Amino acid sequence: MSDTAKTYKIGQHPDLPPPRTEVGVLGWFKHKLFSTPLNIALTLLAAWFLWSVIPPLFEWIVLDSVWTAESRKECWGKMEVPEGGACWAFIKDRLELFIYGFYPAPQRWRVNLSFVLLIMAIVPVLYDKMLARKFGLWYSVAFPFIAGWLLVGGFGLTPVETDQFGGIMLTLIIGVTGISFSLPIGVLLALGRRSKMPVLRIVCVMFIEFIRGVPLIALLFIASTMLNYFLPPGTVFDLLLRVLIMVTLFSSAYIAEVVRGGLQAIPNGQFEAADSLGLTYVKAHLLIILPQALKISIPGIVNTFIGLFKDTTLVLIIGMLDPLGIGRASLADAVWAGLAREVYLFIALFFFICCFSMSRYSLYLERKLHTGH
Amino acid sequence: MPTIATDGIAEDKIRHPTKKLTISEEVAIEMVAVHKWYGEFHVLKDINLTVNAGERIVICGPSGSGKSTLIRCINRLEEHQKGKIVVDGVELTSNLKNVEIIRSEVGIVFQQFNLFPHLTVLENCSLAPIWVRKMRKAEAEEIAMKYLERVRIPEQAAKYPGQLSGGQQQRVAIARSLCMNPRIMLFDEPTSALDPEMIKEVLDVMVELAESGMTMLCVTHEMGFATAVANRVIFMDFGEIIEQNEPHNFFNNPQSERTKLFLSQILHH
């Protein structure tokens, strides 16, 4: 009591503000950037690294780049230093190919329409505060069939062979189909693997372990070559459809294990509480167990989805022209050959935007669903 | 009142019932020669117990004595392997229909509360009436609010369980069970996970519940509660019912040596 200027009665000490150097901008700099000699050294090193990498890259990509040209020669001719900037004219020239593949030009409005419909189908799934979300969700369920009809044709629309699909459109078809079907299948597999019924459990375990034990490329080759042996002779089975099935099954096995991890983390008391209230197995899982298990599994699920989305480039190997395939084909063109950096950077950017959005959305979802304190 | 059972602390902690507690002739639970094993371990041995409607029974005993298992058998959270359990005239068999009927008639409150953390307090309470009793949402929420008021936390209805104290969570858990309008309530050490300051608020709610004539089976070591509301205390050990008596005689005149030892340990520590 003697070394403090004021004394307070018990419980009467007022709330004082923290010292000025500990909070705000000043506090942040002090604690995060310059707290120790090692920290100071690392801060300076990182700043020097960023300074030496970003400006040249920015110059190459933006400042010195050329956006209109008819060929590589013209492109480089327009630069102060040949190859000193990016030649985005090439990407511009091939943009339609990158987006639609070889989808017939007069029919491309169908792809555009499908894309708009896709966005409309995604919104009600991702945001629960939407008006009339129930109807939106029914539409989302119907969307794959609407889009399938729009893209493949028939029933009044000019049929388009699926081997003409390509580019970003192909990536989105495989990615979106894989993602939206593998989650429910994966959840069922996870529940099956935890089931008390031995036969069901063994079937699920075998399926999961087989799929996880085989590389996706092998599965894709199986899809492109072997599947016909297992089907009745004369069955025509579209290659794209086979790829869609294989990619979906592949990713559902991974989702199953991720979700099983989430289920494992739910305390037994939750199952008991649900049971003791008289909820049936299905209701207990839909209302109590899965909402919690899936919430825990979000990082793993999104991780699997991102992996799946990037793995769609593997269809290149069985001769389908995804953006990477289109890029390689374009580079074979003598007029433009030599612009590999631009092509791969463009493709990388496309995948990065898609995957980064998924990652951000998952963070948003985790924050939104956080209810503990 | 017996001096040994209400050793000061228990006396001021427990509110004694103001109403006269009656017991009906009707049988609520009947257990005949019930046995249960966990693998090779014989956890319940020849349990015979008849509970009348309106009875309030406290079950005590050392840990591992089978007392939790006993009450969890009553709503089939644990399956007995031999003997017969009849709850409210319905026999517990592997028939899932019977199990569902009994579970919707028997409420249970757990030591760890087991509230659903992803749902608000109100949703926790109205979920089972909506999905099991097929009630309309508005009606279920009205009932939920009624019971939340009864356990004195209606103002917390919109919060999530993670935002409440242990005592509040346990009261929500009691309200959640009551929303199903059960005829029998089971309590599995409802105050064991609580801070000392919160035990009273939960016990008060339980005393009120006893006054309302609810049939209650309560595993607890709150001997003050036992003397205040129980009409029978059961002592278990080694998976057997060692002794049962009305509270006064149970505490002041225990018959077996095992019971005396147990009482001396929990009452004079």
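Computed quantities for the displayed model
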quantity: Whichever residue in the stretch A:88-121 is closer than 18 Å to residue A:159 by Cβ and of a type in the set (S, T, N, Q) and, among such residues, is least open to solvent (accessible area, probe 1.4 Å); calculated: A:114
quantity: Selection from the stretch B:228-249 of residues that are assigned to a helix (DSSP H, G or I) and buried (at least 24 other Cβ atoms within 10 Å of the Cβ); calculated: B:228, B:229
quantity: Candidates B:194, B:217, B:203 - the one that is more than 13 Å from every other protein chain (Cβ to nearest Cβ) and part of a helix (DSSP H, G or I); calculated: B:203
quantity: Hits in the stretch A:132-190 (condition: among the small types (Gly, Ala, Ser), closer than 25 Å to residue A:99 by Cβ and in contact with a Gly (Cβ under 9 Å, 6 or more places away or on another chain)); calculated: A:166, A:167
quantity: Extreme residue, farthest from residue B:163 (Cα to Cα), among residues of the stretch A:338-371 that are open to solvent by 30 Å² or more (accessible area, probe 1.4 Å) and among the small types (Gly, Ala, Ser); calculated: A:338
quantity: Residues (within 31 Å of the chain's Cα centre (by Cα) and either part of a loop (DSSP other than H, G, I, E, B) or surrounded by fewer than 11 Cβ atoms within 10 Å (Cβ to Cβ) (or both)) located in the stretch A:28-50; calculated: A:49, A:50
quantity: Set A:326, A:298: member being crowded, with 23+ Cβ neighbours inside 10 Å and touching a helix residue (DSSP H, G or I) at 6+ places or on another chain (Cβ under 9 Å); calculated: A:326
quantity: Pairs where the first residue, in the stretch A:344-373, is more than 14 Å from every other protein chain (Cβ to nearest Cβ) and the second is of a type in the set (D, E, K, R) and open to solvent by 40 Å² or more (accessible area, probe 1.4 Å), C-beta under 8 Å, 6+ apart; calculated: A:351/A:310; A:355/A:310
quantity: Where a residue in the stretch B:108-122 is within 8 Å of chain A (Cβ to nearest Cβ) and its partner, wherever it lies, is of a type in the set (Phe, Trp, Tyr) and part of a loop (DSSP other than H, G, I, E, B), with Cβ under 7 Å and at least six apart; calculated: B:117/B:160
quantity: Close pairs from the stretch B:72-99: first within 13 Å of chain A (Cβ to nearest Cβ), partner open to solvent by 70 Å² or more (accessible area, probe 1.4 Å) and hydroxyl-bearing (Ser, Thr, Tyr), Cβ under 9 Å, at least 6 apart; calculated: B:78/B:38; B:79/B:94
quantity: Failed condition for residue A:206, given (1) more than 23 Å from the chain's Cα centre (by Cα); (2) farther than 30 Å from residue B:184 by Cβ; (3) within 14 Å of chain B (Cβ to nearest Cβ); calculated: (3)
quantity: For residue B:140: the one exception among (1) under 16 Å from the mean Cα position of the chain (by Cα); (2) open to solvent by less than 50 Å² (accessible area, probe 1.4 Å); calculated: (1)
quantity: Extreme residue, farthest from the other protein chains (Cβ to nearest Cβ), among residues of the stretch A:239-290 that are buried (at least 18 other Cβ atoms within 10 Å of the Cβ) and among the polar types (S, T, N, Q); calculated: A:248
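The values are calculated or read from the model by the stated rules, or taken from the named source; none is laboratory data. Note that the coordinates shown come from a computational prediction; the quantities given were computed from them, not determined experimentally. Neighbour counts run over all protein chains shown; Cβ positions are idealised from the backbone, glycine included. The area values use the complete protein model at the heavy-atom level, side chains included, leaving out ligands, DNA and RNA. Shrake-Rupley method; radii C 1.70, N 1.55, O 1.52, S 1.80 Å.
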